[in-house]
2 protein chains.
Amino acid sequence: MSTANTGVRAVLPSPVPSDEYEQCPVTDVARRLGDKWTLLVLVLLGQRPYRFNELHRTIDGLSQRMLTRTLRTLETDGLVDREVFPTLPPTVEYRLTPLGTTLLGPISALADWAVAHHADLTAARERAAGDRRPQTDSDPTATAAREVRRTP
Amino acid sequence: MSTANTGVRAVLPSPVPSDEYEQCPVTDVARRLGDKWTLLVLVLLGQRPYRFNELHRTIDGLSQRMLTRTLRTLETDGLVDREVFPTLPPTVEYRLTPLGTTLLGPISALADWAVAHHADLTAARERAAGDRRPQTDSDPTATAAREVRRTP
DNA sequence: CTGTATCCTGAATGATACTG
DNA sequence: CAGTATCATTCAGGATACAG
């Protein structure tokens with residue numbers, strides 16, 4: 001794996017993007033995927049089209065308000081298409097656009113990593129939590145500075 | 001590219017994880033990367049170790065408080081190592097752990113996608129913004145329902 | 001069924017000042 | 001240099017009611 005960090009380097013001008021950090025495409029995308037429901041919705045729509053209430057029922061805990069918001073944003077970003085059928089009552093179907101489909105690749109890479117290393121994360125967190133009350137008080141006499149370099 | 005969505009499927013039991021959505025490793029990871037500074041810090045540390053103020057200076061707009069918070073979280077997750085040198089004044093160096101380094105791969109995948117398709121996103125957003133005031137009023141006589149299927 | 005309109009709370013982030 | 005402590009602000013997100 002690995003040395004495909006071409007993209008990463010590409011978006012890192014030495015003085016990182018000014019306060020207009022949203023200019024950074026990577027952060028921009030990450031922030032969207034990082035909200036509470038977008039990833040879940042994208043993955044579901046990656047399998048087949050869904051209707052509004054179908055998504056609502058499938059994703060436990062997701063409110064109507066947030067589902068609408070999430071879908072609208074995805075639509076605005078051109079990742080999802082919304083099709084309305086003139087039935088009574090109305091039927092609306094959502095599906096990934098071609099652009100949206102191309103996002104499944106990177107998402108899968110992230111998903112694979114998450115699944116593979118979630119145990120590590122959990123372990124690290126528990127270790128960190130435990131380290132806040134250890135008996136491991138090292139010998140204070142050994143605390144003497146081993147190196148004292150001046151910081152320029 | 002593409003059909004590597006093994007991971008995605010793996011974490012999608014049909015009735016999506018109950019309100020304890022944090023159980024989902026993928027969403028968990030995405031939420032961290034989706035905060036305002038984590039991704040930026042990870043990418044910088046992916047190039048070489050950095051000292052605290054070095055990061056602070058390099059990432060424009062990042063406050064001391066948020067840098068500390070971000071680094072602590074990364075440390076807690078086992079993605080970043082913190083090394084203190086007993087100098088005067090103190091010197092602290094941050095570097096990726098081996099686990100943290102493995103995250104660079106997925107991040108690169110996302111970064112590559114973001115760079116490649118940022119223009120599409122921007123275009124879609126502008127189109128969506130413009131579509132809110134168009135003169136494209138289609139012929140009302142053509143508005144008749146073409147299909148009226150009953151929703152089950 | 002597919003939304004919109006309000007209201008409300010907690011978390012994320014920022015600004016500022018202070019410390020070892 | 002490398003933080004911590006406080007306070008203020010903003011915003012994502014949830015609850016609820018209502019509408020076409």
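Nearest to the axis that brings chain B onto chain A is this chain B residue, judged by its Cβ, with the distance in whole Å: B:GLY34, 1.
When both the stretch A:25-83 and the stretch B:61-88 are represented by their alpha-carbon centers, they are found 33 Å apart.
Ranking B:GLU126, B:GLU93 by solvent-accessible area of protein heavy atoms (1.4 Å probe, all protein chains present), from largest to smallest, gives B:GLU126, B:GLU93.
Indicate the gyration tensor shape class of the stretch B:79-133 (rounded, prolate or oblate), computed on the Cα atoms with a ≥ b ≥ c the square roots of the eigenvalues: a/c under 1.5 is rounded; otherwise a/b larger than b/c is prolate and the rest oblate. In terms of gyration-tensor shape, prolate.
For A:SER63, the label point sits 7 Å beyond Cα toward Cβ; its separations from the matching points on the remaining copies run 2.6 nm, from shortest to longest.
Which of A:PHE85, A:ALA114, A:THR102 sits closest to the plus end of the dipole of the stretch A:71-129, meaning its Cα is farthest towards the positive end, when Lys and Arg get +1 and Asp and Glu get -1 on the C-beta? Ranked along the dipole, the leading option is A:ALA114. Each copy carries a label point for A:ARG51 at 7 Å from Cα toward Cβ; from one copy, the others' points are 6.3 nm away, ordered from shortest. With label points defined 7 Å past Cα in the direction of Cβ, position A:ARG127 shows copy-to-copy spacings of 4.8 nm, given to one decimal and shortest first. Accessible-area rank, largest first, for A:GLU83, B:GLU54: A:GLU83, B:GLU54, with all protein chains present and a 1.4 angstrom probe. Exposure check, 1.4 Å probe, all protein chains in place: A:ARG95 carries approximately 90 Å² of accessible surface. When nucleic acids and ligands are ignored and a 1.4 Å probe is applied, A:ASP35 ends up with an accessible area of around 60 Å².
The values are calculated or read from the model by the stated rules, or taken from the named source; none is laboratory data. Quick caveat, the model's predicted, so the values are computed rather than measured. Glycine also receives a Cβ, built like all others from the backbone with ideal geometry; neighbour counts cover every protein chain displayed. These area figures cover heavy atoms from the full protein model, side chains too; ligands, DNA and RNA do not enter into them. Shrake-Rupley method; radii C 1.70, N 1.55, O 1.52, S 1.80 Å.
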